[in-house]
Amino acid sequence: MLAFEGEIWVRSDLIIPWGILLVDQGKIVAVGEDVKVPSGVKVRKFTNGEKILPGFVEPHCHLGLYEEITGNENLNIKDKLISEEFIAWEQINFNNIGLFESALTGGVTTAGILPGSANLVGGIGSVVKTVGSNEILVNKSCLKVALGENVTKAHNLDRESLKKVLIGYFTDNIDRVRCMAVRVHCHCSDDIRLALEIKNMFDLNMILEHLTEGHVILEEISKSGVKAVTGPFFVGRPKLEMANLDRGLTTKLVDSGVETSFMTDYPSNPPEMLKIALLEVIKNGVQKMRAFDMITLGSARMLGVADRVGSLEVGKDGDIVIHSHSPFLYKDRILEVYEKGVRITWPNIF
């Protein structure tokens, strides 16, 4: 059994200024101000302003598919327009240092790992623990679809041609894919509208990824019932479809009632940058605790794993991250990371 004592951020609406959290056999068994620590159990006390937080939940990245140092990548099945047979967890290198970087520097203990965006249907995304057990929480969590320049240029097809292929694909496979979220890479408003049209046509559970020009058609997005994952934030405008970038998009989506999270899209941003993206979202208008929820319990709900991760509630996994300060301060550092109650350290890979 493990015991932690200090300021505990159970979830965005429950911070215990001074309490105790107990983990036994990988699960949180007690948390509160009046928890009694069993005899013989050593208590990790944090008395210098440290915060005891749940591990962050990264909703969209390519960790382990793209590898730090070597630059090796396994994001797509090359030269295929439809590659549903690509399943993310089967291709992940769990020993790559990028996964450790995301956890030990960024505080991310769970990640939604998606195929790349060079194919119209890129494959199946998975939800995994980034370090420690490398447990696969959901092996087939979503179907990745990509619209826009990545696909039109790679396959020399226009938007109308892609639309016809997509309609044919969903017509033939709808019973099989309806059990998953359909996550659509889209930047410009025309591609967002195409995604919404396909959603309505087949009654899909859809999450829009990036949606750079979402601010242009906020009302349409809000009425559609889709969810959204914005970012990555620390890029410029590398493609024409991103010309109308609005740094306040996340705030506008939230204010419009759209269930929203945000991503690093690693390797577009370094693996540890989700905690810095948190500050960017707040800087651009999202209330602090709302932003914190987006990459904890909010992302966990979006990925279908809120029963396991995203908060420090009894019965959930003991995925605990000790922060030196509030995560809302740039000087905050990750001090310790635990996955299911096991402390994670840097691997000796060099």
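Listed by position, the strands (runs of 3 or more DSSP E) contained in segment 1-110 that have at least 3 residues being within 19 Å of the chain's Cα centre (by Cα) are 56-61. All conditions in (1) among the aliphatic types (A, V, I, L, M); (2) free of Cβ contacts under 8 Å to residues at least 60 places away in the same chain; (3) out of contact with any helix residue (DSSP H, G or I) (no Cβ under 7 Å at 6 or more places or on another chain) hold for Leu137, with the sole exception of (2). Looking only at segment 298-317, decide whether some residue is in the same structural domain as Arg183 (by TED's automatic domain parsing) and within 17 Å of Thr251 (Cβ to Cβ). Yes. When every residue of segment 280-287 is checked against the conditions, none turns out to be surrounded by 23 or more Cβ atoms within 10 Å (Cβ to Cβ), within 22 Å of Glu101 (Cβ to Cβ) and acidic (Asp, Glu).
What number of residues in segment 39-65 are among the β-branched types (Val, Ile, Thr), closer than 26 Å to Trp89 by Cβ and in contact with an Asp or Glu (Cβ under 6 Å, 6 or more places away or on another chain)? Full working, then the answer.
So the first thing to find is which residues in segment 39-65 are among the β-branched types (Val, Ile, Thr), and the list is 41, 43, 47, 52, 57.
Now restrict to residues that are closer than 26 Å to Trp89 by Cβ: 57.
Still in the list and also in contact with an Asp or Glu (Cβ under 6 Å, 6 or more places away or on another chain): none.
The qualifying residues number 0.
Among residues of segment 288-297 being among the charged types (D, E, K, R) and over 13 Å from Leu329 (Cα atoms), the one that is surrounded by the fewest Cβ atoms within 10 Å (Cβ to Cβ) is Arg290.
Just to verify a result, which residue in segment 77-104, among those that are of a type in the set (S, T, N, Q) and out of contact with any strand residue (DSSP E or B) (no Cβ under 6 Å at 6 or more places or on another chain), is surrounded by the most Cβ atoms within 10 Å (Cβ to Cβ)? Here the answer is Asn96.
Counting only residues that are β-branched (Val, Ile, Thr) and in contact with a strand residue (DSSP E or B) (Cβ under 6 Å, 6 or more places away or on another chain), segment 231-250 holds 1 of them.
The values are calculated or read from the model by the stated rules, or taken from the named source; none is laboratory data. For clarity, every value in this text was computed on a predicted model and none was experimentally measured. Every residue, glycine among them, receives a Cβ derived from its backbone with ideal geometry; neighbour counts consider all protein chains shown.
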